Each structure stands twice: as C-alpha cells, then as structure tokens.
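> For reference, the structure I am asking about is given below.
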Amino acid sequence: MQAHLPPVLHELRLPLRLRLWDGQELDLGPNPRVTLDVHDPTLLTQLGRPSLDALGSAYVEGRFDLQGPLSEVIRIGDALSRALGAENETAPGEREEHDKATDAAAIAYHYDLSNDFYALWLDPQMVYSCAYFPTGTETLEQAQLAKLRHLCLKLRLKPGERLLDVGCGWGGLARYAAREFGVEVYGITLSKEQLSLARQRVEAEGLSDRVQLELLDYRDLPADGRFDKVVSVGMFEHVGHANLGLYFRTLFNAVKPGGLVLNHGITACTTDGRPVGRGAGEFIGRYVFPHGELPHLATAIARMSEEGLEVVDVESLRLHYARTLRFWSDNLEAHLEQAATLVAEKSLRIWRLYLAGCAYGFENNWINLHQILAVRPRADGSHDLPWSRADLYG
Ligand SMILES: C[S@@+](CC[C@H](N)C(=O)[O-])C[C@H]1O[C@@H](n2cnc3c(N)ncnc32)[C@H](O)[C@@H]1O
C-alpha cells in the first residue's frame, strides 16, 4: 500500500497514523497523535497535493474519520498543505452580488441550524462573536460579559438612549445594554430560530418594555436618524463588498447627527481580497458561511468615510477571537455525543472543523477582527465624544 502514497509524505515526519480500509496501519512520523481512518482509497493520492478545502471536504463527505485532538488535526492539515504545494491563490477572490433572498437563505443555513446545538458550546448569554479578555485569564462567560461591557462603554450609552443592534443574534447584547445601561434597544436578525429564543429570553428577564427584536434585513431599516447609537457585531461579514457602501449608508441614516456607530467584525488580512489559508476560505464559503465576504480594515474604513461616518477609534482583537474560538471548539469537542443528537452528522463534521480551523486561522494571522468606532458628525462638525479614552478603563 505504501507504493500508493506520495513518498514526500514520509519526509514530513508528521505525527499522523493512517488506518486503511483493510486494517493496515501506516505511521507518517514518530508518536502519532492523530489517526485518520481512511475509507476511500483515492484519498491517498489526494494527500499528495492537499488544499485545506480538499482535506476538509473529504472529512465532511465521510471519506475518512478522525481520532485525536482537533487542534493537532488542523496543524497537521496545514503542514501537509504547506509542504505539498497547495498555494494561496494570487488572484482576488470572487466578489458576489448580494440580494435579500440569497442573504436570507445563507443566514438560515447557518443560524437556524439548532438553538440547542449552539447553546451546547456558546456562553450562557449565547453571544456568537469575538469575546474580550482584558487580562487573558477570563473564562469564556466572563470574557463575553466583558465584551458586552466594552461595547457599551465605547458607545457611551446613557439611560434612556435608543440603541439599534444590527444583527442581534440571540439578543445577548440587547439584553445586557438594556439591563446594565438602561437603554432602549431595537435589534434585528434574519434568523427565525434566533429571534424566537431571543424574544423568550427578553420576556423571561422582564425586559420586554425596553427591548424590541424583529426579523428584518438591514436594508429595510428606517433612514430617519431615530437612534442615538448604532452597533453591529459579527454581522458585516455577511454584507459583501458590493453592498458595503449601502450597509454603512444605512447605519449612517439610522443614527442621529452627533451619534455613534460601532462596527465589530472579521476583517481580511490582504487588501485585494486574495484568499489566504491555502483553501481554508473556500471551505468556509462552501460549508459554513455561504456568501460571506471579508473586507480589509482599510476597505471598511474607506466605505465608512465615503458614507459620511468619521472613524474615531479602531481596536484589533485578533488573538481574542483565537481564544474565543478555542473555547467554543473545546466546548463542542467535550459535548460531541450530545451534539450528534441535535444536528446531522455532516453538520457536526462541518462545525467541528470550522471552529478549530478558525481558531488556527486567527492565531496565524490569516484573518483579523476589528472594532471600528465612528461618529456621524453634526452639520457643524461637532460630536459628544470625550477628549480621551480614559472613561473606558476607569
Ligand atoms: C455572527 S451573528 C452575531 C450575532 C450577535 N451580534 C452576537 O454577537 O452574538 C450574525 C448576525 O447577523 C445577522 N444578519 C446577517 N445578515 C443580516 C442582514 N442582512 N440583516 C439583518 N441581520 C443580519 C444574523 O441573523 C445574525 O443574527
């Protein structure tokens, strides 16, 4: 059987064992930590030139099974694809048209999967975005609460203000801001499952008079400047390059003159949209976030500025997202049996790879996460931000 394996595989000395369909075992290096149970003989040839997309797809389609720590699996997969010539493409990635129907279907595919499944591995508030670790020692739950507080402080929320939360998920931020900062929140999502659970939680916490959540596309938001503050967390990844101007114009039109807009989202590390991660991005687009697109920070800031938003503060939280994803991935790995009762086997395979793979991607600087704070200046150029950031850390 060794004859079928590309010889270079042995030179890499990877801690990987292949267990073949006929029971043979083949170690590619000393002390294997990961075993691939290979069901499909053609996989061996494919291992000779593996992109992370091809390897991930083969796993999702059940051509092999995995045993071993998933972080190690991803590291070995990357080492294989790096050594065996799966190059990052140099051409800019495909830019897509985004219409409401396509986006609604893409959102339903990901977020309507199963509330119980997400609850297995997210924090108790079910915040589905990068957490904030002020000292690096926090638990996931503490770090998500710290993130919610960080956002509210950056928005300088005051009791009685009206906050728009674009892409509110399961309502964690909306409930926190209403409870802890006394604001009125209007949140929108495109996911029916999220909305249903988010509304139940608002009701259960007695916040129905201050938190209103709706199923609404951001393109249908009112443009009358009725909100004091606008926040969007982990949502603009779904907007697409073609609609970034429209998106930021919508946020500009929703906030009152002098008001603040805070956009928290994943950003690309290349300015020209070139794929990174030797196929990892293609895998994410195919199985995890169809029609997702990541703009570079410079692109996001350019589009915001063109739409009249003045960028006043930017913070990178790349390693915070790596840590968040490690928590999510470890949580899911610790609950695999239960997860298998909640979602189809194929979905479980996808989400396992996605969480562990994205943790690796953030750690390795393939992607970043930025909080971008902007103001809609009044006609005379003024706004109400304090003179320094001292209030954030007091
Ligand atoms: C990654 S989740 C983040 C949820 C929440 N902000 C959080 O931090 O937990 C992305 C959210 O954006 C919403 N979303 C995506 N596209 C949208 C659109 N076109 N209009 C409104 N909401 C959208 C999804 O429904 C989902 O609630």
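> Check LEU163 against each of (1) free of Cβ contacts under 8 Å to residues at least 40 places away in the same chain; (2) among the hydrophobic types (A, V, I, L, M, F, W, C); (3) within 13 Å of the ligand (Cβ to nearest atom) and name the one condition it does not meet.
(1)
> Here is a further query. Kindly provide the set of residues from the stretch 240-293 that are among the polar types (S, T, N, Q), over 30 Å from SER382 (Cα atoms) and open to solvent by less than 40 Å² (accessible area, probe 1.4 Å), ordered by number.
THR270
> Given the stretch 1-68, what helices (runs of 4 or more DSSP H) lie entirely inside it while holding 1 or more residues that are under 27 Å from TRP351 (Cα atoms)?
Passing ranges, in order: 42-46, 52-60.
Yes/no matrix, rows are residues, columns are (1) within 9 Å of the ligand (Cβ to nearest atom); (2) over 26 Å from GLY394 (Cβ atoms):
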{"residue": "ALA177", "(1), (2)": "no, no"}
{"residue": "PHE181", "(1), (2)": "no, no"}
{"residue": "GLU184", "(1), (2)": "no, no"}
{"residue": "GLY187", "(1), (2)": "yes, yes"}
{"residue": "SER196", "(1), (2)": "no, yes"}
{"residue": "VAL211", "(1), (2)": "no, yes"}
{"residue": "PRO222", "(1), (2)": "no, yes"}
{"residue": "GLY225", "(1), (2)": "no, yes"}
{"residue": "PHE252", "(1), (2)": "no, yes"}
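> HIS335: buried (at least 18 other Cβ atoms within 10 Å of the Cβ) and either out of contact with any Cys (no Cβ under 8 Å at 6 or more places or on another chain) or in contact (Cβ under 8 Å) with a residue 12 or more places away in the chain (or both), yes or no?
Considered against the rule, which asks whether it is buried (at least 18 other Cβ atoms within 10 Å of the Cβ) and either out of contact with any Cys (no Cβ under 8 Å at 6 or more places or on another chain) or in contact (Cβ under 8 Å) with a residue 12 or more places away in the chain (or both), HIS335 comes out as no.
> For the stretch 341-360, enumerate the residues that are in contact with a helix residue (DSSP H, G or I) (Cβ under 6 Å, 6 or more places away or on another chain), assigned to a helix (DSSP H, G or I) and not basic (Lys, Arg).
Scanning the stretch 341-360 gives LEU348, ILE350, LEU353, TYR354, LEU355, ALA356, GLY357, CYS358, ALA359, TYR360.
> Does the stretch 127-136 contain any residue that is of a type in the set (A, V, I, L, M, F, W, C), closer than 30 Å to ARG352 by Cα and away from the ligand (no atom under 14 Å from the Cβ)?
Yes.
> Further question: Pull out all pairs, ordered by first then second residue, where Cβ-Cβ is under 8 Å, the residues are six or more apart or on different chains, the first lies in the stretch 192-210 and is over 26 Å from LYS158 (Cα atoms), and the second is within 14 Å of the ligand (Cβ to nearest atom) and assigned to a helix (DSSP H, G or I).
Close Cβ pairs (under 8 Å, with a partner that is within 14 Å of the ligand (Cβ to nearest atom) and assigned to a helix (DSSP H, G or I)) amount to LYS192/ALA108; GLU193/TYR111; GLU193/ASN115; GLN194/TYR111; GLN194/ASN115; SER196/ASN115; LEU197/ASN115.
> For the stretch 248-303, name all the residues that are of a type in the set (Val, Ile, Thr) and either assigned to a strand (DSSP E or B) or free of Cβ contacts under 8 Å to residues at least 12 places away in the same chain (or both).
VAL255, VAL261, ILE266, THR267
> Also: From the list GLY357, GLY361, exactly one residue is open to solvent by 10 Å² or more (accessible area, probe 1.4 Å) and of a type outside the set (D, E, K, R). Which is it?
Answer to the check: GLY357.
The values are calculated or read from the model by the stated rules, or taken from the named source; none is laboratory data. All of these numbers come straight from a predicted model, not from anything done at the bench. No Cβ is skipped: glycine too gets one built from the backbone with ideal geometry, and neighbour counts run over all protein chains shown. All accessible areas refer to the heavy atoms of the entire protein, side chains included, with ligands and DNA or RNA removed. Shrake-Rupley method; radii C 1.70, N 1.55, O 1.52, S 1.80 Å.
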